[in-house]
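S.K.: One structure, as structure tokens, below. Some questions next.
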Amino acid sequence: MRELLTELMLIPGLSGYEERVAGCIARHLDGLGIAHRSDRLGNLVATLPGDPEAPSVMVFTHMDQLGFIIRKVEDSGLIRLERLGGVPERALAAQAVLICTDQGDLPGLIANKSHHATTPDEKYRVVPYAELYVDAGFSNRAEAEAAGVKIGCPVVYMPRVIDLAGDRLAGTSVDDRAGCAALIDLGRRLVARQSGPTVHLVWSVQEEYNLRGVLPAATSCAPDIALQIDLLLACDTPDMAGRGEVSLGGGPGISLYSFHGRGTLNGVIPHPALVRLFETAADARGLPLQRSAHTGALTDLSYIQFMGTEGVACLDVGFPMRYSHSALEVLDMRDLFGMVDLLEQAVSQIGPGFDLSRRPR
């Protein structure tokens, strides 16, 4: 799975431009003999039929990454960007980027004013993204346009993967190519099973943009249960110590509470039957199960839970990750392997008698 994750992280796939990532995943599914389909938004769906008497399950993760859209090409050949997704301005200057054009991918650099020319005040100022520009080496607008650069082209951080000590890995889009690799591995395990519920595997689009790209796929699958694979904020660095107890290398985890109060009032309070299911599954596999509760982040599961006439039972399942939405994010592969073990065990325990009712007490 480490090789698969590396392959996926080196493919650019800005929100709304996920086709290359989807193509890679589709080829791996073909190799596993797993049939798949795509919808008009680009969601990739594979359905593994199971017991029709058991609650149906959708396990999903997003293919896209955050980044930028070109909003202007200057006469000088320098390029201005618009942010797409939660891009942190304080982490932008001097980053290498990849401009994706119809004629091919072009390297560039988000410029950082020469240190020798900065004033004392500028040395401690975070430059707003609107003031930043990309230098791709062009001398004028005509050169840039001849190379395929135009308004609307997607731009991402330069794809990179760095092997760290032990089982740890840094990469451009750990969020959520790690989830994509894990879901492929889960499909590999489930395709050979002899029993269990119907499971829909979904690699979704536009999560970093508006959190709603998965909705057509969820409508088509109409699951009783939805399990989202995404990161859990690791809290084992000095700047995160007060946010919780999730640690890198501490094993997979579940979210007991998420809420995003900036711009949207939404989040997920998980279905108690699913919390119990994953606690039991972790015990059965001898896995640690980390628990997360945080404000300030959101997944597209928040919208799926309200679908249908009775709603969908939901739970966020994740792997610890450091430095979210930075050009390089960090995970521990052991957590990812453990998460797939956990999901496999939990899904195997969902049968015809699995109770999702919420009766008054």
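S.K.: Among the numbered conditions (1) in contact (Cβ under 8 Å) with a residue 40 or more places away in the chain; (2) more than 23 Å from C180 (Cα to Cα); (3) touching a Gly at 6+ places or on another chain (Cβ under 7 Å), tell me where G253 comes up short.
M.R.: Failed condition: (2).
S.K.: Can you name every residue in the range 1-57 that is more than 18 Å from the chain's Cα centre (by Cα) and at positive phi?
M.R.: The answer is G33, and nothing else.
S.K.: Could you check the range 237-253 and list, in sequence order, the residues that are crowded, with 24+ Cβ neighbours inside 10 Å and of a type in the set (A, V, I, L, M, F, W, C)?
M.R.: Hit for the range 237-253 is V246, nothing else.
S.K.: Let me ask another. Which numbered condition in (1) small (G, A, S); (2) out of contact with any His (no Cβ under 9 Å at 6 or more places or on another chain); (3) within 20 Å of C24 (Cβ to Cβ) is the only one that G196 fails?
M.R.: Answer for G196: the failing condition is (3).
S.K.: I need every pair where a residue in the range 261-279 that is over 14 Å from G296 (Cβ atoms) has its Cβ under 7 Å from the Cβ of a residue that is assigned to a loop (DSSP other than H, G, I, E, B) and of a type outside the set (V, I, T), sequence separation at least 6 or different chains.
M.R.: Note: pairs meeting the criteria are H271/L356; A273/D355; A273/L356; L277/Q349; F278/L289; E279/L289.
S.K.: Can you pull out every residue in the range 275-289 that is open to solvent by less than 40 Å² (accessible area, probe 1.4 Å) and out of contact with any helix residue (DSSP H, G or I) (no Cβ under 8 Å at 6 or more places or on another chain)?
M.R.: If the condition is that a residue be open to solvent by less than 40 Å² (accessible area, probe 1.4 Å) and out of contact with any helix residue (DSSP H, G or I) (no Cβ under 8 Å at 6 or more places or on another chain), then V275 is the only one that fits.
S.K.: Count, please, the residues in the range 1-48 that happen to be within 25 Å of G104 (Cα to Cα) and charged (D, E, K, R).
M.R.: The number of residues fulfilling the criteria is 7.
S.K.: Another question, then. It is to be established whether one or more residues within the range 136-155 are closer than 21 Å to P88 by Cα, of a type in the set (S, T, Y) and touching a residue at least 24 places away in the same chain (Cβ under 8 Å).
M.R.: No, there is no match, as no residue in the range 136-155 is closer than 21 Å to P88 by Cα, of a type in the set (S, T, Y) and touching a residue at least 24 places away in the same chain (Cβ under 8 Å).
S.K.: Would you mind stating whether S204 is surrounded by 19 or more Cβ atoms within 10 Å (Cβ to Cβ), of a type in the set (S, T, Y), in contact with a Phe, Trp or Tyr (Cβ under 7 Å, 6 or more places away or on another chain) and in contact (Cβ under 8 Å) with a residue 24 or more places away in the chain?
M.R.: When the stated conditions are applied, S204 passes them.
S.K.: Cβ contacts < 9 Å: first residue more than 17 Å from T219 (Cα to Cα), restricted to the range 39-63; second residue among the aromatic types (F, W, Y) and in a strand (DSSP E or B), any location; separation 6+ or different chain. Result?
M.R.: Here the result reads M63/W203, each pair linking the range 39-63 to a residue that is among the aromatic types (F, W, Y) and in a strand (DSSP E or B).
S.K.: For residues in the range 112-137 being of a type in the set (G, A, S) and closer than 18 Å to I69 by Cβ, which is farthest from the chain's Cα centre (by Cα)?
M.R.: Ranking the candidates gives A136 first.
S.K.: Just to be sure I understand, how many residues within the range 298-323 are within 21 Å of C180 (Cβ to Cβ) and either part of a helix (DSSP H, G or I) or open to solvent by 30 Å² or more (accessible area, probe 1.4 Å) (or both)?
M.R.: 6
Okay, residues lined up against (1) closer than 19 Å to R20 by Cα; (2) open to solvent by less than 10 Å² (accessible area, probe 1.4 Å); (3) in contact (Cβ under 8 Å) with a residue 40 or more places away in the chain; (4) assigned to a strand (DSSP E or B):
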{"position": "A182", "(1), (2), (3), (4)": "yes, yes, yes, no"}
{"position": "Q194", "(1), (2), (3), (4)": "no, no, no, no"}
{"position": "H200", "(1), (2), (3), (4)": "no, no, yes, yes"}
{"position": "I229", "(1), (2), (3), (4)": "no, yes, yes, yes"}
{"position": "C235", "(1), (2), (3), (4)": "no, no, no, no"}
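S.K.: Between a first residue in the range 338-361 that is farther than 20 Å from I254 by Cα and a second residue that is open to solvent by 70 Å² or more (accessible area, probe 1.4 Å) and part of a loop (DSSP other than H, G, I, E, B), which pairs have beta carbons less than 6 Å apart while being 6 or more apart in sequence or on different chains?
M.R.: From residues that are farther than 20 Å from I254 by Cα, the pairs are P352/E53.
S.K.: Test R71 against the stated conditions and say whether it is among the charged types (D, E, K, R) and either crowded, with 18+ Cβ neighbours inside 10 Å or within 20 Å of the chain's Cα centre (by Cα) (or both).
M.R.: no
S.K.: I would also like to ask the following. Quick one: how many residues across the range 140-162 are surrounded by 12 or more Cβ atoms within 10 Å (Cβ to Cβ) and part of a strand (DSSP E or B)?
M.R.: 5
S.K.: Tell me which strands (runs of 3 or more DSSP E) are completely within the range 5-81 and hold 1 or more residues being out of contact with any helix residue (DSSP H, G or I) (no Cβ under 6 Å at 6 or more places or on another chain), of a type in the set (S, T, Y) and closer than 26 Å to F337 by Cβ, or say none if there are none.
M.R.: 44-48
The values are calculated or read from the model by the stated rules, or taken from the named source; none is laboratory data. These numbers were taken from a predicted model, which means no experiment stands behind them. Glycine also receives a Cβ, built like all others from the backbone with ideal geometry; neighbour counts cover every protein chain displayed. Side chains included, ligands, DNA and RNA excluded: accessible areas come from the protein's heavy atoms. Shrake-Rupley method; radii C 1.70, N 1.55, O 1.52, S 1.80 Å.
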